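Colleague: Pasting a structure here, questions to come.
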Amino acid sequence: MRRYFGRKLLIYGLTFFMAVTVNWLVPRLMPGDPVASMLARARVAQPEAQEALRVYYNNLFGFDLPWWQQYLNSWGSLFRGDFGISLWAFPTPVADLLTRAVPYSLALLVPSILLSWVVGNRLGALAARRKVLDNTVLPVSYVLTATPYLWLAALMAWGFGVVWGIFPVAGGYSFSMTPSFTWDFFVDLFWHWLLPFSSLFLVALGGWAIGMRNVIIYELESDYANYMSALGAPQKLIRRYAFRNAVLPQITGLALQLGVLVAGALVTEIVFSYPGLGSLILAAIQNKDFFLLQGAFLFIVLGVLIANFIIDVVYVIVDPRTRVGMVGAAA
Amino acid sequence: MKTEALYFAVRNTKLLVGAGIILVLLGIGVIGPFFIEKPPTEYVGMQMQPPGAEYWLGTNTFGQDLWAQFVHGLRTTFLVGALGGGIAAVIGMVVGFLAGYKGGWIDEILNMLTNIVLVLPTLAVLFILNAYIGVRSAGMQALFIGLTQWPWAARSIRAQTFSLRGRDFVDLARLSGVGSGRIIAREIAPNMSSYLLLTFILLFGGSILIASSLDFIGLGPTDAVSLGLMLQQAHQWSAMHLGLWWWFVPPGAGITLIVGALYVANVGLDEVFNPKLREL
Amino acid sequence: MTLEVDDLRVYYRTLKGDVQALDGVSFGLRDGEILGLAGESGCGKTTLGKALIRLDGRMKHVGGSVTLDGQVLPIGEDAKMNPYRFKQVSLIPQYSMSAMNPTRKIGRMVRELLESRREKLDLDELHQRLELVELPKDVLGKYPIELSGGMKQRMVMVISTLLNPSLLIADEITSALDVSTQKAVVTTLKGFRDRGFVKSMIFITHDISLTNQLADTIMVMYAGKLAEKAPASTVVNAPKHPYTQLLISSLPEVGVRYADKRLTGIPGNPPSLLKPEPGCRFRARCPLAFEKCAEDPPPVEVEKDHVVACWKAA
Ligand SMILES: Nc1ncnc2c1ncn2[C@@H]1O[C@H](COP(=O)(O)OP(=O)(O)OP(=O)(O)O)[C@@H](O)[C@H]1O
Ligand code: SF4
Ligand SMILES: [Mg+2]
């Protein structure tokens, strides 16, 4: 088990290291003076800020220092939580923008991932059991996984928001509201959250259902299932075992799908103008705010790595074999 | 074996339906543009026309013909999918074959690399690369997608190679002094050709979905029209609020149809190649 | 008689037609009798074993009957067979290494299995039986992967016989083992019979000399049919069926498994079981074949307890 975690942490460490390095390197690969060219391309909100920004970023990049010093400094500011200052939302620090957006993104991601995983697994297990269900759940699931997140989001926003007018289609809460700890505000928040959450949930659902169905069918054909059938064990018990064991590869699958799910959340936020990281990234791209973009990149990488680690811990708890120490989840 | 596969292939509904849809859409994307004289971005006149006899899919707020965009978009979407999926498949094969066949420290290093790229969130990497490097052709987009999509393919190909490596015919070739490259090309790859095909199809579909996300956040090709870009523009110019459903429904449906058909064909092919999955 | 099998026919459904893997086999098994089942690969041994406890999805019961302890087993109906399984008929599978759920502790799995069959777990009895196969009690608190291969197999042997079934089927449970472990398994199985854990047993193997050590009776099958059945010593020393004779004589020495050796004495291959020609199925390879062999030779009891299906032997 220690080896298993050691390996995982090494991979995550290397990944983060690489991400930071790429992040440091990419702007320096741009021809000419990166600060000047970035500032020139960006749409800075206040023109008078240009000069201040130039000075600030020249200092931050520290081009007069040797490259390794620059590199070390960038790690230093990273650990201080300093991601620079946004060009687009000058003079707000990038870190502030990001930390303000992250709760919204998490509020969409965490419930939709967990719920779609749980419900999808249940559905898939049911589909593996009954032909009728298999013939309905499976095609629907394939359509759902083939649907681009952004399109389902757009369809739902259009249908439920514009045509039927049931839900709001933009923002995290109504313009007329000021964030506060009141019941009204929470209702408003929830109302804005429901559609983007549902569309994320639905698209992700299909994949889990398909995956669970296939794994459980495989488990039901495994040796232990055959042995139990030969000993006359009721299908209920065999299915319980099969489901339990089929959950394991689905947990690994969750780790593998994180990137896709995060991407899905980002575009869904954009469709709903939801004030999470996705909308921030869109703003950064449209306004050529490279510092904001870089900060968002590191935030997402870090978030995905942490999530991966949590999944590893869960896996060890759920699969006794990892604790016994012989095997681990597929790296 | 080949004739048997063919026997089941022409009887497999999933494969036939999936392949049929793909062929029809591919046909529209390949041949369609030749029947449309004007470039897809040209302003043809009437704005915000609903679908009708003249403009099959209507026009947008600028008076552009959406059918023309759709047809050209199909072409780009297929191109990016095939290219991105192909690049990913090739990288995945090279890494998977090498790691699985060579083993040892080569395997260790490649495996580590695979795992690192695997946990990196693809879209985040792509938006950093795309935004900075800023080259915005469809081919470049496909290349970037290919460069980030290969890890899971590499991993499963590695596992398969690993199990084939110990087989008699591979041993025999090795003993008679055949080089690694040749053994992989002549003995191992042909033995998992069906698996490689299935992998490519999944990568194909995945690449299309990623491309649509990239297009949508404004990092799509600037030299072409794609289904994802149609969605992006529809969103950017508030098609939803203006009630121009024909601007964003068809391109999304097109993507869903292509990817769904690829996945279904993939399941069908799997059944064709894998006797255990055939239903009696 | 514990077991009576009468003209049992079980076919495999395939796209090309039915594979007649078990085509009219009849035999009986007395209380306390151990039957060794032998024959070339593909002759239908596994099919017979499965037919007695659980048909897989492709198998269909075409005809004949199986009677165990005076009750006719509904072998063609999966659900109706359930009450008999484990309690009357049980099996030690070939895949002992993977027969136990990898994510359950063994003790808990056994308890859940028994509860699902509405049986109470007699922990003392279980501990005694574990001791008998030289397994420590604490295996019950372990996961299968914590056991060695041999331990897993012994554990499965204990589980399968826990409810004292009338009939135990053991299909090639020794083929993956080394010689000394094989001996131990054989001794254990004998012990199970002697202690009354199982009434009778069908032991399927490729190793005739091993069968000889364990079995009271040996039954030789050929291409889905019974060829010869007799007390073990008779089959080994005085076989009457030409196929059995070739089989025995092609064994150069004790301990050599006939599966490892091509049957050099018998050129040719068994016939296809898809649409087998009428007549003796061994005809094409039989050195003694004559015109009469174009008809099916019926199994005949040539002397007491010695059944042969061959025109020459009758
Ligand atoms: N699933 C199946 N579908 C079609 N035919 C089958 C199937 N399983 C077995 N058979 C055929 O049935 C016949 C008997 O098979 P069986 O497995 O009973 O042989 P066996 O005597 O156990 O052989 P072995 O010694 O190799 O285990 C063989 O000819 C085989 O080809
Ligand atoms: S019946 Fe004829 S062919 Fe068959 S074994 Fe006897 S002699 Fe040979
Ligand atoms: Mg067998």
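Colleague: Among the listed residues C:Asp69, C:Asp31, C:Asp78, C:Asp23, identify the single one that is among the acidic types (Asp, Glu) and within 16 Å of ligand 2 (Cβ to nearest atom).
Modeller: Details: C:Asp69 fails: within 16 Å of ligand 2 (Cβ to nearest atom); C:Asp31 fails: within 16 Å of ligand 2 (Cβ to nearest atom); C:Asp78 fails: within 16 Å of ligand 2 (Cβ to nearest atom).
Going through C:Asp69, C:Asp31, C:Asp78, C:Asp23 in turn, just one is among the acidic types (Asp, Glu) and within 16 Å of ligand 2 (Cβ to nearest atom): C:Asp23.
Colleague: Next question. Residue by residue through region C:279-291, note down the ones that are away from ligand 1 (no atom under 16 Å from the Cβ) and surrounded by 13 or more Cβ atoms within 10 Å (Cβ to Cβ).
Modeller: Step one: list which residues in region C:279-291 are away from ligand 1 (no atom under 16 Å from the Cβ), which gives C:279-280, C:283, C:286-291.
Listed by number, the residues that qualify are C:Gly279, C:Cys280, C:Arg283, C:Cys286, C:Leu288, C:Ala289.
Colleague: Hey, another quick one. Listed residues B:Ala261, B:Ala224, B:Ala234; which is assigned to a loop (DSSP other than H, G, I, E, B), closer than 29 Å to B:Val125 by Cβ and aliphatic (A, V, I, L, M)? Full working, then the answer.
Modeller: Details: B:Ala261 fails: assigned to a loop (DSSP other than H, G, I, E, B); B:Ala234 fails: assigned to a loop (DSSP other than H, G, I, E, B).
That would be B:Ala224, the only listed residue that is assigned to a loop (DSSP other than H, G, I, E, B), closer than 29 Å to B:Val125 by Cβ and aliphatic (A, V, I, L, M).
Colleague: Taking the stated definitions as given, is B:Ala138 in contact with a Pro (Cβ under 9 Å, 6 or more places away or on another chain), open to solvent by less than 40 Å² (accessible area, probe 1.4 Å), farther than 27 Å from A:Gly295 by Cβ and away from every other protein chain (no Cβ under 14 Å)? Even if it seems obvious, please write down each step before you answer.
Modeller: Numbers: in contact with a Pro (Cβ under 9 Å, 6 or more places away or on another chain): yes; open to solvent by less than 40 Å² (accessible area, probe 1.4 Å): yes; farther than 27 Å from A:Gly295 by Cβ: yes; away from every other protein chain (no Cβ under 14 Å): yes.
The answer is yes for B:Ala138.
Colleague: If we scan region C:70-92, do we find a residue that is within 15 Å of ligand 3 (Cβ to nearest atom), assigned to a helix (DSSP H, G or I) and open to solvent by less than 20 Å² (accessible area, probe 1.4 Å)?
Modeller: Filtering region C:70-92 for residues within 15 Å of ligand 3 (Cβ to nearest atom) gives C:91-92.
Filter once more, so that each one left must be assigned to a helix (DSSP H, G or I): none.
Among the residues of region C:70-92, not one is within 15 Å of ligand 3 (Cβ to nearest atom), assigned to a helix (DSSP H, G or I) and open to solvent by less than 20 Å² (accessible area, probe 1.4 Å), which makes the answer no.
Colleague: With the requirement that a residue be buried (at least 18 other Cβ atoms within 10 Å of the Cβ) and closer than 13 Å to C:Lys225 by Cβ, what does region C:294-314 give you? Even if it seems obvious, please write down each step before you answer.
Modeller: Of all residues in region C:294-314, those buried (at least 18 other Cβ atoms within 10 Å of the Cβ) come to C:297, C:299, C:306-311, C:313.
Correct list: C:Pro297, C:Pro299, C:Val307, C:Val308, C:Ala309, C:Cys310.
Colleague: What is the one condition in (1) of a type outside the set (A, V, I, L, M); (2) in the same structural domain as C:Asp122 (by TED's automatic domain parsing); (3) crowded, with 20+ Cβ neighbours inside 10 Å; (4) touching a Lys or Arg at 6+ places or on another chain (Cβ under 8 Å) that C:Gly141 does not satisfy?
Modeller: Result: C:Gly141 fails condition (3) only.
Colleague: Whether any residue in region C:6-17 is among the hydrophobic types (A, V, I, L, M, F, W, C) and surrounded by fewer than 16 Cβ atoms within 10 Å (Cβ to Cβ) is what I want to check. Reasoning before the result, please.
Modeller: Keep residues of region C:6-17 that are among the hydrophobic types (A, V, I, L, M, F, W, C), which gives C:8, C:10, C:15.
From the residues that got through so far, the ones that are surrounded by fewer than 16 Cβ atoms within 10 Å (Cβ to Cβ) too are C:15.
Within region C:6-17 (the criterion being among the hydrophobic types (A, V, I, L, M, F, W, C) and surrounded by fewer than 16 Cβ atoms within 10 Å (Cβ to Cβ)), the answer is yes, since at least one residue qualifies.
Colleague: Still on this structure, please answer the following. So A:Val267 clears everything in (1) away from chain B (no Cβ under 11 Å); (2) surrounded by 19 or more Cβ atoms within 10 Å (Cβ to Cβ) except one condition, right? Which one?
Modeller: Failing condition for A:Val267: (1).
Colleague: Then there is this: Which members of region C:173-219 meet the condition of being surrounded by fewer than 18 Cβ atoms within 10 Å (Cβ to Cβ) and part of a loop (DSSP other than H, G, I, E, B)?
Modeller: C:Ser175, C:Ala176, C:Leu177, C:Asp178, C:Arg195, C:Gly196
Colleague: Let me ask another. If B:Arg167 satisfies all but one of (1) charged (D, E, K, R); (2) farther than 22 Å from B:Tyr263 by Cα; (3) surrounded by 17 or more Cβ atoms within 10 Å (Cβ to Cβ), what's the number of the condition it fails?
Modeller: B:Arg167 satisfies all of (1) charged (D, E, K, R); (2) farther than 22 Å from B:Tyr263 by Cα; (3) surrounded by 17 or more Cβ atoms within 10 Å (Cβ to Cβ) except (3).
The rows are residues; the columns are (1) out of contact with any Ser or Thr (no Cβ under 9 Å at 6 or more places or on another chain); (2) at pLDDT 90 or above; (3) in a loop (DSSP other than H, G, I, E, B); (4) small (Gly, Ala, Ser).
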site: B:Glu54; (1), (2), (3), (4): yes, no, yes, no
site: B:Gly73; (1), (2), (3), (4): no, yes, no, yes
site: B:Thr77; (1), (2), (3), (4): no, yes, no, no
site: B:Val80; (1), (2), (3), (4): no, yes, no, no
site: B:Leu126; (1), (2), (3), (4): no, no, no, no
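Colleague: A follow-up question, please. Any residue in region C:113-126 that is away from every other protein chain (no Cβ under 13 Å) and crowded, with 20+ Cβ neighbours inside 10 Å? Write out each step before concluding.
Modeller: So the first thing to find is which residues in region C:113-126 are away from every other protein chain (no Cβ under 13 Å), and the list is C:120-126.
Now drop any that are not crowded, with 20+ Cβ neighbours inside 10 Å, which leaves none.
Checked against the condition, which is being away from every other protein chain (no Cβ under 13 Å) and crowded, with 20+ Cβ neighbours inside 10 Å, region C:113-126 yields no hits at all.
Colleague: Name the residue that is least open to solvent (accessible area, probe 1.4 Å), counting only residues in region A:117-175 that are more than 12 Å from chain B (Cβ to nearest Cβ), without any contact (Cβ under 8 Å) to a residue 12 or more places away in the chain and aliphatic (A, V, I, L, M).
Modeller: Across region A:117-175, the extreme among qualifying residues is A:Leu133.
Colleague: Considering only region B:142-164, how many residues are closer than 15 Å to B:Ala88 by Cβ and open to solvent by less than 10 Å² (accessible area, probe 1.4 Å)? Show your work before the answer.
Modeller: Initial filter on region B:142-164 (closer than 15 Å to B:Ala88 by Cβ): B:142-158.
Still in the running and open to solvent by less than 10 Å² (accessible area, probe 1.4 Å): B:142, B:145-146, B:151, B:153-154, B:157.
Residues meeting the conditions: 7.
Colleague: So is A:Ala107 buried (at least 18 other Cβ atoms within 10 Å of the Cβ), away from chain B (no Cβ under 14 Å), modelled with pLDDT of 90 or more and more than 24 Å from the chain's Cα centre (by Cα) or not? Write out each step before concluding.
Modeller: Values: buried (at least 18 other Cβ atoms within 10 Å of the Cβ): yes; away from chain B (no Cβ under 14 Å): yes; modelled with pLDDT of 90 or more: yes; more than 24 Å from the chain's Cα centre (by Cα): no.
Against the criterion (buried (at least 18 other Cβ atoms within 10 Å of the Cβ), away from chain B (no Cβ under 14 Å), modelled with pLDDT of 90 or more and more than 24 Å from the chain's Cα centre (by Cα)), A:Ala107 does not qualify.
Colleague: With the requirement that a residue be more than 14 Å from ligand 3 (Cβ to nearest atom), basic (Lys, Arg) and under 23 Å from C:Asn269 (Cα atoms), what does region C:14-47 give you?
Modeller: C:Lys16
Yes/no per residue for (1) in contact with a Gly (Cβ under 9 Å, 6 or more places away or on another chain); (2) more than 22 Å from A:Leu231 (Cα to Cα):
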site: C:Val133; (1), (2): yes, no
site: C:Leu163; (1), (2): no, no
site: C:Thr181; (1), (2): yes, yes
site: C:Arg195; (1), (2): no, no
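Colleague: Let me ask you something else. Could you please let me know if A:Ala101 is crowded, with 22+ Cβ neighbours inside 10 Å and either away from chain B (no Cβ under 13 Å) or of a type in the set (Lys, Arg) (or both)? Before the answer, list the steps.
Modeller: Working: crowded, with 22+ Cβ neighbours inside 10 Å: yes; either away from chain B (no Cβ under 13 Å) or of a type in the set (Lys, Arg) (or both): yes.
Judged against the criteria, A:Ala101 is a match.
Colleague: In region C:42-69, which residue that is at pLDDT 90 or above and surrounded by fewer than 18 Cβ atoms within 10 Å (Cβ to Cβ) is nearest to ligand 1 (Cβ to nearest atom)?
Modeller: Out of the qualifying residues, it is C:Lys60.
Colleague: Same structure, new question: Here is a list: B:Ala239, B:Ala253. Which entry is of a type in the set (A, V, I, L, M) and at pLDDT 85 or above? Step through it out loud before you land on a result.
Modeller: Working: B:Ala239 fails: at pLDDT 85 or above.
After ruling out the rest, the residue left standing is B:Ala253.
Condition check ((1) β-branched (Val, Ile, Thr); (2) more than 14 Å from chain A (Cβ to nearest Cβ); (3) away from ligand 1 (no atom under 16 Å from the Cβ)) across all residues:
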site: C:Ile145; (1), (2), (3): yes, no, yes
site: C:Gly150; (1), (2), (3): no, yes, yes
site: C:Gln153; (1), (2), (3): no, no, yes
site: C:Met157; (1), (2), (3): no, no, yes
site: C:Asp171; (1), (2), (3): no, no, no
site: C:Thr174; (1), (2), (3): yes, yes, no
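Colleague: Continuing with this model, one more query. Which residues, counting only those in region C:282-314, are under 24 Å from the mean Cα position of the chain (by Cα) and part of a loop (DSSP other than H, G, I, E, B)?
Modeller: Selection gives C:Phe282, C:Pro297, C:Pro298, C:Pro299, C:Lys304, C:Asp305, C:Ala309, C:Cys310.
The values are calculated or read from the model by the stated rules, or taken from the named source; none is laboratory data. Please read these numbers as outputs of a predicted model, since none were measured by experiment. Note that we place each Cβ from the backbone using ideal geometry, even for glycine, and neighbour counts take in every protein chain shown. Surface areas here come from the heavy atoms of the whole protein model, side chains and all, with no ligands, DNA or RNA. Shrake-Rupley method; radii C 1.70, N 1.55, O 1.52, S 1.80 Å.
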